[in-house]
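Contents: one structure, followed by commentary.
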Amino acid sequence: MDAAAAVSVPSDEQLAALEQLCVEFAVIAGRFIRDERPDRLGVAQTKSTDTDVVTVMDRRSEELLHRLIIEARPDDGILGEEGADVTGTSGLTWVIDPIDGTVNYLYEIPAYAVSVAVVVGDPSREGAWRPVAGAISDPSLRLVHHARHGAGAWTRPEEEGDATPPRRLTVSSEHRLGRSLLATGFGYAADVRARQAEVLTRVLPLVRDIRRIGSAALDLVRVADGSVDAYAESGINAWDLAAGWIVVEEAGGVVVGRDGGAPGKALTVAAGPALATQVAPLFTTEPA
Ligand code: LIP
């Protein structure tokens, strides 16, 4: 049993309240990055490489989420892509990606998200944590996708008053690799991309087709709602993965890493159980 599985999960009542906060915060930050986007948005900073960009809105969205979480849950920890790193005392940690798909956001491609999750265990160590509640807002489509442990995965309009009923999500039942639509992604370092391309050259003839959406959080939502059959990528971080992981699991899918272990930077594969076991080995030779 991995370390995270040993950590106690809050009661369903507590999880329901945490899920509601995840939805609320993801929608508030999603509206903010959509409606307050400066006309002339540029690159504020670069991180691991020249193409790994940060905009001022990534930072402001994380500051907003940080403030909302601290006000509502002062004893919890926080781990954020843009540097938020708060140690809590409650045993719960919020793992946040203020803009997932930052390059899409910079290029005004309507495929970016805000990802907010609550996890048990230590999200800074692979295999030592797992999500118990999460939400992903898709501001371009004005939708929010959410789940909590044991209560299913759902999509609903971001607008509170919208009468459209929540839709329950279910992963695709496709089990044939050759008929599978596979989403994937690539790192920011040229040498890593070169090796990922080698793997892709091998994988492409084996599947129906590939989709490169540019946001791991939205890729995982697409696995959960069956609009792709599988997702596989190496190099993603806890904040790219956390909320999407619980959404896929609660939609009947599995989220695994190398050799059926915990998902993480080395490899993350999400799909229906039958397809996941076929897809993971194809990416296992990929560089971590
Ligand atoms: C992105 C991931 C995506 C990956 C990109 C990037 P970011 O996260 O969501 O799956 O392919 O290289 O890492 O940097 O936009 O938060």
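Okay, here's what the table says:
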{"read-out": "Test: residue in the range 173-182 that is within 16 Å of the ligand (Cβ to nearest atom), in contact (Cβ under 8 Å) with a residue 40 or more places away in the chain, over 29 Å from D75 (Cα atoms) and not in a loop (DSSP other than H, G, I, E, B)", "value": "yes"}
{"read-out": "Restricting the range 121-135 to residues that are open to solvent by 10 Å² or more (accessible area, probe 1.4 Å) and small (G, A, S), the residue that is farthest from G30 (Cα to Cα)", "value": "G127"}
{"read-out": "Unmet requirement for T201, which otherwise passes all of (1) over 25 Å from A280 (Cα atoms); (2) loosely packed, with under 14 Cβ neighbours inside 10 Å; (3) among the β-branched types (V, I, T)", "value": "(1)"}
{"read-out": "Residue that is of a type outside the set (D, E, K, R) and under 22 Å from the mean Cα position of the chain (by Cα), where the choices are S61, S90, S11", "value": "S61"}
{"read-out": "Matching entry among D138, D229 (being within 16 Å of the ligand (Cβ to nearest atom), crowded, with 17+ Cβ neighbours inside 10 Å and acidic (D, E))", "value": "D138"}
{"read-out": "Identity of the residue in the range 25-44, of a type outside the set (F, W, Y) and surrounded by 17 or more Cβ atoms within 10 Å (Cβ to Cβ), that ends up nearest to G121 (Cα to Cα)", "value": "A26"}
{"read-out": "I236 being within 10 Å of the ligand (Cβ to nearest atom), under 14 Å from V255 (Cβ atoms), not assigned by TED's automatic domain parsing to the domain that holds K47 and not in a helix (DSSP H, G or I)", "value": "yes"}
{"read-out": "Members of the range 152-161 found to be open to solvent by 50 Å² or more (accessible area, probe 1.4 Å) and not in a loop (DSSP other than H, G, I, E, B), listed by number", "value": "W154, R156"}
{"read-out": "Selected residue (only one of T201, T164, T170 is more than 10 Å from the ligand (Cβ to nearest atom), of a type in the set (S, T, Y) and assigned to a helix (DSSP H, G or I))", "value": "T201"}
{"read-out": "Qualifying positions in the range 90-111 - among the acidic types (D, E) and surrounded by fewer than 24 Cβ atoms within 10 Å (Cβ to Cβ)", "value": "E108"}
{"read-out": "Residues being within 13 Å of the ligand (Cβ to nearest atom) and either assigned to a strand (DSSP E or B) or modelled with pLDDT under 95 (or both) - total across the range 239-268", "value": "1"}
{"read-out": "Scan of the range 89-105 for residues that are part of a strand (DSSP E or B) and more than 18 Å from D52 (Cα to Cα), ordered by number", "value": "L92, T93, W94, V95"}
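Results for (1) open to solvent by less than 20 Å² (accessible area, probe 1.4 Å); (2) part of a loop (DSSP other than H, G, I, E, B); (3) assigned by TED's automatic domain parsing to the domain that holds A238, shown as yes or no for each residue.
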residue	(1), (2), (3)
V118	yes, no, no
G150	no, yes, no
R193	no, no, yes
Q196	yes, no, yes
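The values are calculated or read from the model by the stated rules, or taken from the named source; none is laboratory data. What you are looking at is a predicted structure, and each value in this text was computed from that prediction instead of being measured. Counting neighbours? That spans all protein chains shown, and the Cβs are built from the backbone with ideal geometry, glycine included. Note: accessible area is taken over every heavy atom of the protein model, side chains too, but ligands, DNA and RNA are not part of it. Shrake-Rupley method; radii C 1.70, N 1.55, O 1.52, S 1.80 Å.
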